[in-house]
1. Take the conditions away from chain A (no Cβ under 14 Å) and in contact with a strand residue (DSSP E or B) (Cβ under 7 Å, 6 or more places away or on another chain) and apply them to B:Ser114. Does it pass?
2. Output the number of the condition that A:Pro85 fails; it satisfies all remaining conditions of (1) closer than 16 Å to A:Met125 by Cβ; (2) within 9 Å of chain B (Cβ to nearest Cβ).
3. If you scan the range B:255-283, which residues turn out to be free of Cβ contacts under 8 Å to residues at least 60 places away in the same chain and touching a Phe, Trp or Tyr at 6+ places or on another chain (Cβ under 8 Å)?
4. Which condition from (1) closer than 20 Å to B:Gly376 by Cβ; (2) more than 14 Å from chain A (Cβ to nearest Cβ); (3) surrounded by fewer than 24 Cβ atoms within 10 Å (Cβ to Cβ); (4) not acidic (Asp, Glu) is the one that B:Leu96 breaks?
5. Restricting to the range A:59-73, and then to whatever is more than 9 Å from the ligand (Cβ to nearest atom) and under 13 Å from A:Gly120 (Cβ atoms), can you tell me which residue is farthest from the other protein chains (Cβ to nearest Cβ)?
6. Looking at this structure, is A:Ser105 away from the ligand (no atom under 16 Å from the Cβ) and more than 17 Å from the chain's Cα centre (by Cα)?
7. Go through the residues of the range B:364-384 one by one and say whether even a single one is outside any loop (DSSP other than H, G, I, E, B), out of contact with any helix residue (DSSP H, G or I) (no Cβ under 8 Å at 6 or more places or on another chain) and among the hydroxyl-bearing types (Ser, Thr, Tyr).
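The values are calculated or read from the model by the stated rules, or taken from the named source; none is laboratory data. Remember, predicted model here, so these are calculated numbers, not experimental data. Methodologically, a virtual Cβ is constructed for each residue, glycine included, from the backbone with ideal geometry; neighbour enumeration extends over all protein chains shown.
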Amino acid sequence: MSEKIKRFPGEELKGADIRVGKVPTIRFRPRVRYLWSAGVAMSRFIEGLKEGKIVASTCEKCGRIMVPPRAFCEECFKPVDGYTPVKDTGTINTWSVSYVAGDASRIKEPILVAVIDMDGASTGMGLLHLLGEIDDWKQIKFGMRVKAVWKPPEERTGNITDIRYFKPVKEV
Amino acid sequence: MREVAIVGVGSTGFRAVTPDVSYKEMMFEAATRAYQDAGNISPRKDIDAFISVAEDYWEGFSIFDEFVPDQLGAVLRHLFTVCGDSIIGLSTAYMLIKTGHFDVVALESHGKPSDILTLYDVVQFAMDPMLNRPLGGHPFFVAGLEMTRFLYETGNTKEQCAMVVSKNRGNALANPYAAYGADIDVDDVLCSNHQFYPLNQLDVSQPSDGGIVMILASNEVAAELSDNPVWVKGVGWAVETPSLETRCWSDAVYARIAADMAYKKAGIGNPSREVDFAEVDDLFSYKELQHIEALRLCRPGEAGLLVEEGETWIGGSMPVNTSGGNLGMGWALEASGMQRLLETVLQLRGEAGSRQLSDVDVGVAQSWRGVPTTTGAVAVLTNY
Ligand SMILES: [Zn+2]
């Protein structure tokens, strides 16, 4: 309230008032479900994940090796020329530390997310993924080297989560 | 006076299912064909603006706009999405060029309903949550309600609606882009399962996947890009009301208002005489008759006679849906109106293959956004 107005006229509402129907509302839960065709490029990527490989597509015109793969080069606007696996190691491009879960609740153990430039892919191309095996997020640095930690082959389903996370690696 | 032309078209064609390609790859194919058709222009430098027509719930993305640029060659270019039917998208592209700030605009629309597991639940989600959704049922009963009143008010018949199905599915056999070409007669339609009385199963369009891209240009550059530009002489659109309780159930008032807007711009006073052919929405068989009347291509109540007497068939005096319409090409969500535009362009360019009409100069394309909407749009196109 303000200095001049101690209490606004009318009845104050609490969240519970809406739940018990004190305020008229209509509840509806939509049934919306999708089954996207992965298509030419992403099918190769998904199949690659099952085999523990990160698949890129290549454009001979601009020379780029593109992760994630696509069926066409968006820069040159032409179909790609081929598909090739890249390494499962890379470098941290940018990162964040999320103390809030998907449902907006606060979490104690933060989720570490990073964009990783993959080795073998063109500059600035790679994967968005999670970081793991890091005790204190203050250890994360730009240019930090990381490697994919894969699920065992029998647990892979052709999903980005076939990679559990990326962990720091020491270069020899 | 600045004029607007369609200088390139490209399509993937339409199929019941397309498990082999993603929506992005589908759009890329249509765009590649359109750019080549428009004098092989490069989207990376020759196109001033891009418009994609898409609806988030159909796509399964919120803010689908963001997923569009790559496959159109529009990365780091001027692009936005129009949430509406593709003829509303055409109207937007037309206006961009009319401003004088844009010379070449790409217009894209696609449908991939086979990616939606709960297609008709998404349709139901378009109905009023307080008044209508709790009643349940399949949302297409809304079309049944309209057909009942339309036939009662106008005297058109269920048999005449069945003839529309026979005509359009037959026309689709001559259209390689069409998903549902078939040799179907009136009895087949009348004997098919009751679905939403008075609609039988064959009166209802089936979903199809496909994409279309068109390139629009100002008259200043149209000649450089195309030897056979098709001119957009007028566009119009209108909406009635979402209220199922109070809307007009007999006439397609939205289409009448949209058509009047487009005709006025195009200088057409007597459409039944000045228009050579039409592509109209026929998501349900009766909608073709209702829309023909709304577009004043015949007198009220006479659309059924037109199909019965062969006038709306290929070779008649007012051919309608030579493409096969939505009944023949399929219900491709927001791209349904773009199918109507595509056929109008192909006919005016003389590129409609074995279904080509002779001596056509003025065509009308009309769209409806489907159940439960009362939104429609109209474009008048000419080849001179
Ligand atoms: Zn390239």
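1. no
2. With respect to (1) closer than 16 Å to A:Met125 by Cβ; (2) within 9 Å of chain B (Cβ to nearest Cβ), A:Pro85 is out only on (2).
3. Result: B:Gly269, single match.
4. Going through the list (1) closer than 20 Å to B:Gly376 by Cβ; (2) more than 14 Å from chain A (Cβ to nearest Cβ); (3) surrounded by fewer than 24 Cβ atoms within 10 Å (Cβ to Cβ); (4) not acidic (Asp, Glu), B:Leu96 breaks only (1).
5. Top of the filtered list is A:Ile65.
6. yes
7. Taking every residue of the range B:364-384 in turn, none turns out to be outside any loop (DSSP other than H, G, I, E, B), out of contact with any helix residue (DSSP H, G or I) (no Cβ under 8 Å at 6 or more places or on another chain) and among the hydroxyl-bearing types (Ser, Thr, Tyr).
Let's see how each residue does on (1) assigned to a helix (DSSP H, G or I); (2) surrounded by fewer than 23 Cβ atoms within 10 Å (Cβ to Cβ):
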{"position": "B:Tyr120", "(1), (2)": "yes, yes"}
{"position": "B:Val123", "(1), (2)": "yes, yes"}
{"position": "B:Met130", "(1), (2)": "no, yes"}
{"position": "B:Gly144", "(1), (2)": "yes, yes"}
{"position": "B:Glu159", "(1), (2)": "yes, yes"}
{"position": "B:Tyr180", "(1), (2)": "no, no"}
{"position": "B:Gly211", "(1), (2)": "no, no"}
{"position": "B:Ile215", "(1), (2)": "no, no"}
